[in-house]
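Notes to accompany the following structure.
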Amino acid sequence: MLSVTKTKKTVIIIDDEVDLTDLFSSLLEDSYDVITFNRPNDFIAYLSAHKDVPFDALISDFNMPQMTGLDMVKKCFEKGYHFPFILFSAYLEKEVIFKALQIGAFRLLEKPSTKEKLEKAIEDIIIEHDSSKLRGEIRSTIDQLREYYTFLKVILNDRIPAKEMEELFLQTDPLGNVRTASPEVILNKLEEKLDLLFSTEEDLETKKAKFFKSA
């Protein structure tokens, strides 16, 4: 029987204290491939040498001599690199939480933290980040489908009657009945559901930001 080897995800750990990067590395090395840095600028140089993000998640201390972990992440995002991240801090101030909320998929954890909490936070932010990317790809695919359909419609309009064009597309209603439907109807319904999903997520993020700002 063939065995499938599960590829480990790669996690970056950044902290100006070598003892702490060594500790976090030892906690996570059984579950992840771990790369450590002790200076934010060294990490930025490493990332800048790659076209695409070469890791799955980043864990950084918030307070560091060169720059804060949040400022480091912002610099990377401004360069066009986007990734899920976790910030560690002994004191989680409201302003830090609010600024992190504005950036994207993240977690804030207080020092110290257990291996279980850390691994759960890593898995959560990776899933959130991957889901966000997937939704963007779905939106892009629907836009492409609409463009292709419009192009084909112009070409085929004089050759295939509208009724026959509609019958080329089928959809199932809530009762399980198969009906014909125009491509416009199908695409519009997909877009409506996506718009609802995106607006719901935006509302949640807005409410979350207002909560931390007023807390």
**OP:** Mind giving me the nanometre distance, one decimal, between the label points for Glu29 and Lys115, set 7 Å out from Cα along Cα→Cβ?
**Re:** 1.2 nm
Original post:
Points 7 angstrom from Cα along the Cβ direction at Asp130 and Glu93: gap in nanometres?
Top reply: 3.6 nm
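For region 9-130, what does the equivalent ellipsoid look like in terms of its semi-axes, each the square root of 5 times an eigenvalue of the Cα gyration tensor, given largest first in whole Å?
Numbers: eigenvalues 64, 57, 47 Å².
They are 18, 17, 15 Å, listed from largest to smallest.
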Subject >> FRET efficiency, 1/(1 + (r/R0)^6) with R0 35 Å, evaluated for Thr150 and Ile103 via beta carbons >> reply: 0.45
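Between Glu123 and Ala45, 0.36 nm times their residue separation minus their Cα-Cα distance comes to what?
Working: separation 78, 0.36 × 78 = 28.08 nm, distance 2.58 nm.
Here the answer is 25.5 nm.
Every number here is computed from the coordinates shown, using simple stated rules; none is lab data. A quick note: this is a predicted structure, and the numbers were derived from the prediction, not measured. FYI the Cβ positions are ideal-geometry reconstructions off the backbone, even for glycines, and counts take in every protein chain you see.
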